[in-house]
Each structure stands twice: as C-alpha cells, then as structure tokens.
Amino acid sequence: MATLKELFVISPWLLVPVGILFILIVLRVPLVPALGLNLLLSAVVAMVVQGIDWASVIRFMSGGYTATAGNEAAAMLNKGGIIAFGNIIELILLASAWATVMQHIGVLELLLGKLANTKLLKGRICATGTLLAVLMSVLTCAIIPAVLVPSLWLKDQYTATGYRPEHLSRDLVEGSFAVAALVPWTNLNFIVLGTLGVGALQTTPYNIFSWLVVILGLLAGWRRQASRVQNI
C-alpha cells in the first residue's frame, strides 16, 4: 500500500470509468462505442486524478506503464500496453482466420454430419450438441465459430425433438467455453497467456470446473433420449 500510494493517487474517482461501463452494459450500448467511450473517460480520469499529460496517457496505452520505484511491488506494474499484446493479437487473428477457412470450405459441416449420425449419438441430441461444441472449439481454435456453426446445423433438430433453443444454447456454450480453457491453441488461452503469463498446459490439470462441465454435460446428454422430452 505504501508503494502504491507513492506511485499513484488513490481516489474513489478512479472507479468512475468502471461504473460508467456497467451502466452502458445495462443500457445495451453496442460494444465498440461503449469501450471507446470508456477508454476516453479513463484517459480523462488519469489526467485529472494522477496529474499526467495526454502524451503520457498515449505512451502508457501503447507501451505500457513503467514504474519509477525500484522495489519488487513496483516491478509488478511494469506491463500492459498495445505493443505488449502484439504477439497475442496475431495469434488470435490467425486462429480466427483458420476457423473461417474451415467453415467456408465445408469441413466443419462434413464433420458435423458424420458425428451426428454415429450409432452412439443416435437419438441423443443433447450429447451431440455438447460433443460437437467441444470438437469445434478444438478444431477452430476459437469460441464463436464453435457456437455458431453447430447452432445453425442443430437448431431444427433440437426443435424437432421437443427441445427449446435455450437447451441448444446451453449445450453449445458449456461445451465450447469449458474446452477452450483446456486447449492451449484457443484464442481464450492466448489472452490468458498474454495477461497472466500462464498457459493451458500448466492450468489444465487444476481446472476442475471445466473438466466437470464437459464430463457431466456429455453424461447427462447421453442418458437423455430424445423420445423422453417430446412434451418439454
């Protein structure tokens, strides 16, 4: 605390950008305008509260903050900035490009059809949705295609077997997000690696929540036959 007070002005006004961001979320303001407004507001608060100039704000945003003190607590703050995330952004863009190519050449649709018609998954639509979300997350390296591609293909099948769209959304989100935290090459883990410096290979054995979500989701979906939910 002494080091932080030496380097910064600790004030409740620093919470204003966070509060404004929550208000914009509640008002359903689109993502880009909300983040842009929050970025400008954060810069203004930094100049007013911390007493820095606009040139310093731009420097910190691009290259990250550099503490002047020489102790270990201050060294923990020497990070951030757009330039420091350059490699991570490149990996995310490559993962998104790979997912787009896989989708447009028809590979994903082919795999979806083959897997859904296997004997083990026949009549078990929920297990099919969870498993396809898992595989799509692994193959596409990105979360959004892992949700969107199977949803377009499975929507009519869920409806035909008596399930609501909410069931499909739950199965796909659970499968894709949980596995994305376990696979080292997904864009989610690229962000974690860039911010915390810890990769999925180090955290996967201890990520009990993700393992339970995937395993229990598959077991529950496999045990539930489509014929049992016609009246849901």
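At-a-glance table
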| quantity | calculated |
| --- | --- |
| Search result, residues across segment 125-139 that are open to solvent by 40 Å² or more (accessible area, probe 1.4 Å) and either under 14 Å from Trp153 (Cα atoms) or in contact (Cβ under 8 Å) with a residue 60 or more places away in the chain (or both) | Leu131 |
| Residue that is farthest from the chain's Cα centre (by Cα) [pool: residues in segment 39-65 that are of a type outside the set (A, V, I, L, M, F, W, C), at pLDDT 80 or above and open to solvent by less than 70 Å² (accessible area, probe 1.4 Å)] | Gly51 |
| Considering residues of segment 66-78 that are surrounded by fewer than 15 Cβ atoms within 10 Å (Cβ to Cβ) and of a type outside the set (S, T, N, Q) only, the residue modelled with the lowest pLDDT | Ala69 |
| Long-range neighbours under 8 Å by Cβ, at least six apart or interchain, first residue free of Cβ contacts under 8 Å to residues at least 12 places away in the same chain and in a helix (DSSP H, G or I) within segment 144-173, second of a type in the set (Phe, Trp, Tyr) and open to solvent by less than 20 Å² (accessible area, probe 1.4 Å) | Pro165/Tyr158 |
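The values are calculated or read from the model by the stated rules, or taken from the named source; none is laboratory data. Since this is a predicted model, take the numbers as computed values, not measurements. All Cβ positions, even for glycine, are placed from backbone atoms using ideal geometry, and neighbour counts span all protein chains on display. Only protein heavy atoms, including side chains, enter the accessible area calculation; ligands, DNA and RNA are left aside. Shrake-Rupley method; radii C 1.70, N 1.55, O 1.52, S 1.80 Å.
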